1. Considering only region 8-52, state which residues are at positive phi and open to solvent by less than 20 Å² (accessible area, probe 1.4 Å).
2. Got at least one residue in region 93-102 being of a type in the set (Asp, Glu), farther than 23 Å from residue 320 by Cα and over 18 Å from the mean Cα position of the chain (by Cα)?
3. Would it be correct to say that residue 129 is modelled with pLDDT under 95 and more than 26 Å from residue 228 (Cβ to Cβ)?
4. Which residues, taken from region 84-102, are surrounded by 15 or more Cβ atoms within 10 Å (Cβ to Cβ) and without any contact (Cβ under 8 Å) to a residue 40 or more places away in the chain?
5. Just to verify a result, which residue in region 78-94, among those that are assigned to a strand (DSSP E or B) and not hydrophobic (A, V, I, L, M, F, W, C), is farthest from residue 192 (Cα to Cα)?
6. Looking at the structure I just gave you, is residue 117 more than 24 Å from residue 145 (Cα to Cα), crowded, with 17+ Cβ neighbours inside 10 Å and touching a strand residue (DSSP E or B) at 6+ places or on another chain (Cβ under 8 Å)?
7. Can you name every residue in region 120-144 that is in contact with a helix residue (DSSP H, G or I) (Cβ under 9 Å, 6 or more places away or on another chain) and open to solvent by 50 Å² or more (accessible area, probe 1.4 Å)?
8. Only residues that are closer than 18 Å to residue 190 by Cα, open to solvent by less than 20 Å² (accessible area, probe 1.4 Å) and assigned to a loop (DSSP other than H, G, I, E, B): list them for region 54-77, please.
Amino acid sequence: MPAVIAASYINPAMFEIHVAGRCLHAPAGSNLLDQLLQAGLPISYSCRSGHCQSCLVRAEHHAVPDQARAPLSPALQAEGWLLACQCPVQQDLHLRLYDPAKDGLPAQIEALTALAAGVLRLRVRPARALRFHPGQHLVIWLPCGTARTFSIASQTDSPILEFHVQQRAGSQFCERLLQLGVGAPCHLGNASGHLYYQADWQDRPLLLLARGTGLAPLQAIARDALHQGHQAGITLWHWQRGEASCYLQEELDALAQAYPSVHLQLRQQHQLDDDLRRLKAPSRRALALVCGASAFVEQLGKPLFLAGLGRGQVLQEVFAKR
């Protein structure tokens, strides 16, 4: 009679997550954001890629995976914050959820204006000065708890922060923003991101390439460069969806008229492929800054290489899907 081999089942290791007065039990290697959502805890999230930085939680102990902290600024890392979407559960955790009213910067919606091509110009007045570089991004928290990350389109000397919001069907953030209207309160996170003008770029030609509201940070960077006395040329490419003209056409035309070193290439989406085939770097020392959705950023990789720009000469900012 053949021996019967009993199948054995080994339970995976479980860890405890202490948060909001509760103790959750999570399998080893599971995603922290998933565990918090399954428990019904009020945590915001959007991109799940570490870009939007809306799923912040604070750990009592800093022994957490580097990947959960790497996208954050040094200041946030030092305070023990991490991104739940990037954190595998590998140990017991004692956490505190991000509270915009306590941890964010109070602000007020100053203006909300419809621009061309379904873009909203959102202007926000923070309760106190916020340190940032034009082109960086931050999280905006609405009173209902909805949060999204947007690039800063204004300059450091302005008391009002400007953002460009693409209106999309089904966007909870846009719907709630329009419901709240001018005068409503909101909260802001810390500014972060590597896409901003550097002082040692003064004599290097800049090639700025954007699609949609990727224009918001790049036009801010161009203005900042000019304010800092940038000496080389600046070429700004923008591709607009549909048949509409660039949503900042008049403002950019005025900028180019005031600064002859600024060259505009305001195009439409259907011209993108032909434009990329003819793309050339203005010099071997040029820098390219690319901003837009992931598919657009990926599409520009090979054309920029063929145009003579090495990997170290290209800086990218990928917009998360919302």
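1. Taking region 8-52 as the starting set, the residues that turn out to be at positive phi are 20-21, 29, 40, 48, 50.
Once the filter is applied, which keeps residues that are at positive phi and open to solvent by less than 20 Å² (accessible area, probe 1.4 Å), region 8-52 yields only 50.
2. Let us first name the residues in region 93-102 that are of a type in the set (Asp, Glu), namely 99.
When the remaining residues are screened for being farther than 23 Å from residue 320 by Cα, the result is none.
No, because not a single residue in region 93-102 is of a type in the set (Asp, Glu), farther than 23 Å from residue 320 by Cα and over 18 Å from the mean Cα position of the chain (by Cα).
3. no
4. Once the filter is applied, which keeps residues that are surrounded by 15 or more Cβ atoms within 10 Å (Cβ to Cβ) and without any contact (Cβ under 8 Å) to a residue 40 or more places away in the chain, region 84-102 yields only 86.
5. Of region 78-94, the ones assigned to a strand (DSSP E or B) are 81-83, 88, 93-94.
Imposing the further condition that a residue be not hydrophobic (A, V, I, L, M, F, W, C) reduces the set to 88, 94.
Values: 88: 23, 94: 25 Å.
Across region 78-94, the extreme among qualifying residues is 94.
6. Values: more than 24 Å from residue 145 (Cα to Cα): yes; crowded, with 17+ Cβ neighbours inside 10 Å: yes; touching a strand residue (DSSP E or B) at 6+ places or on another chain (Cβ under 8 Å): yes.
It is true that residue 117 is more than 24 Å from residue 145 (Cα to Cα), crowded, with 17+ Cβ neighbours inside 10 Å and touching a strand residue (DSSP E or B) at 6+ places or on another chain (Cβ under 8 Å).
7. Residues of region 120-144 that are in contact with a helix residue (DSSP H, G or I) (Cβ under 9 Å, 6 or more places away or on another chain), as a first pass: 120, 122, 133-137, 139-144.
The answer is 133, 143, 144.
8. Selection gives 54, 55, 72.
The values are calculated or read from the model by the stated rules, or taken from the named source; none is laboratory data. Since this is a predicted model, take the numbers as computed values, not measurements. Note that each Cβ is placed from the backbone with ideal geometry, even for glycine, and that neighbours are counted across all protein chains shown. Just so you know, the surface numbers come from the protein's heavy atoms only, side chains and all, with ligands and any DNA or RNA stripped out. Shrake-Rupley method; radii C 1.70, N 1.55, O 1.52, S 1.80 Å.
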